[in-house]
Amino acid sequence: MKNVTSLWLAITGNPLRFLGSPWPWRALAYLLTSLPGGVAVAVVAAFGRQTALLIAMITLLIVAVVLSGPIASLERWRLRLIDPAAVPAPKPRTPISFADPTAWREIGYALLWATILPAVNGLVISSAALTVFSYASALPSGGSPLVVLPAVVVVLVGLAGCAYLFTVVAAAQGALTRGLLAAPPEERMIELTRSRARLVDAFEAERRRIERDLHDGTQHQLTAVLMQLGLARLDVREDPERTAKAIGLAYDHTQAALDELRRVIRGIHPSALTDRGLGVAVTDLARHCPIPVTLDLDLPRRPPAGVEAAAYFCISETLTNAIKHSRAQNITIKAKLSDRLLALDVHDDGIGGADAVKGSGLTGLADRIGVLEGTLSLSSPRGGPTAIRVELPCG
């Protein structure tokens with residue numbers, strides 16, 4: 001409910017800032033796009049009245065039951081006009097599952113979507129438009145500014161009132177939509193608990209990997225350095241040439257150990273991300289990718305550290321998957337940071353076939369994103385292309 005609440009805060013905030021913002025226009029678009037469904041149902045109902053009102057009602061009920069799932073998906077997507085945060089969808093269900101409360105909520109919303117909501121929205125929009133039009137048509141065409149100016153002020157106040165009215169109605173409907181169509185809190189809590197458990201397992205596996213890399217690589221290099229320096233200390237007086245050679249070998253082993261240590265540390269958290277932000281870090285990833293990468297980054301500021309790290313590792317993992325499996329010739333990465341949302345889109349022209357269920361890397365990404373209340377969407381039909389969209393709330 002964070003962004004719907006933000007919409008209410010925008011309404012109650014500075015009037016000039018609100019009227020100059022996109023909120024009124026987005027609210028009007030949200031109300032207008034709800035009308036076509038109601039018009040279609042009205043046509044069916046009108047046809048039903050010619051035969052029998054009962055048939056029209058049964059038809060409406062059947063449509064609500066059969067199309068409740070697609071309507072719910074459409075409304076979750078349409079809600080982004082006024083609520084940029086993604087609405088968590090309930091777990092997939094069978095087409096007809098009357099024992100599932102989610103099914104009843106979606107059917108109930110479909111009935112509202114087809115009857116009450118478009119009627120209310122149409123009444124609000126038409127009433128506001130007629131009121132403003134009547135005042136505007138009554139404006140005097142000539143005469144003293146003292147006569148014209150008050151009438152113009154009345155029209156402007158009426159337009160401002162319409163902006164507030166549309167936004168209030170849209171915010172209320174947005175809250176209703178989120179309340180009925182979002183995944184139940186207990187379902188989200190169960191999935192969040194599972195995601196955190198998988199993350200704990202992933203972190204433990206990563207800890208063991210780092211420990212193994214340090215033991216097998218860096219520790220052996222440093223042990224060799226210690227041995228070379230020990231030999232040099234024994235030979236320093238008797239054989240200076242042999243001492244210089246031992247010191248040279250120790251230097252080489254030290255350099256190799258540092259390179260190994262940098263490789264391990266880079267896998268934990270890249271310095272470019274910490275020091276210079278997501279844009280530079282992603283550019284660095286693209287520069288080292290063997291597949292040509294096109295970047296479209298709109299990052300006016302740095303997002304929160306946790307969001308920034310999650311976004312970086314999402315892009316890194318998708319690039320790794322593309323390199324290993326996609327046979328792609330080109331990759332496109334887009335990142336856009338708005339007031340409350342960081343959206344990432346990664347697209348490649350490879351062979352597709354990525355599976356978020358079977359792929360442990362994608363499952364790990366979904367878990368990392370889920371802990372931040374974000375969403376991951378995957379489209380990867382066999383034959384390609386593959387498109388991944390990640391949305392991370394920043395507010």
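Kindly indicate whether any position in the stretch 375-387 is part of a strand (DSSP E or B), of a type in the set (Lys, Arg) and either at pLDDT 85 or above or surrounded by fewer than 17 Cβ atoms within 10 Å (Cβ to Cβ) (or both). No - not one qualifying residue is present in the stretch 375-387. If you go through the stretch 113-128 and keep only what is buried (at least 17 other Cβ atoms within 10 Å of the Cβ) and within 15 Å of GLY174 (Cα to Cα), you end up with TRP113, LEU117, PRO118, VAL120, ASN121. Examine the stretch 41-57 for a residue that is aromatic (Phe, Trp, Tyr) and at pLDDT below 70, and state whether such a residue exists. So far as the stretch 41-57 goes, yes, one or more of its residues are aromatic (Phe, Trp, Tyr) and at pLDDT below 70.
Please list, ordered by first then second residue, the pairs with beta carbon atoms under 6 Å, 6 or more apart or interchain, first in the stretch 120-138 and closer than 21 Å to THR167 by Cα, second not in a helix (DSSP H, G or I). Correct list of pairs: ASN121/SER34. Return the residue satisfying two criteria in turn: it lies in the stretch 129-186 and is modelled with pLDDT under 80 and touching a Pro at 6+ places or on another chain (Cβ under 6 Å), and of such residues it is surrounded by the fewest Cβ atoms within 10 Å (Cβ to Cβ). In this case the residue turns out to be VAL147. With respect to the conditions (1) in a loop (DSSP other than H, G, I, E, B); (2) modelled with pLDDT of 80 or more; (3) of a type outside the set (Lys, Arg), PRO92 falls short on a single one, namely (2).
The values are calculated or read from the model by the stated rules, or taken from the named source; none is laboratory data. Remember, it's a predicted structure, so these values are computed and weren't measured experimentally. No Cβ is skipped: glycine too gets one built from the backbone with ideal geometry, and neighbour counts run over all protein chains shown.
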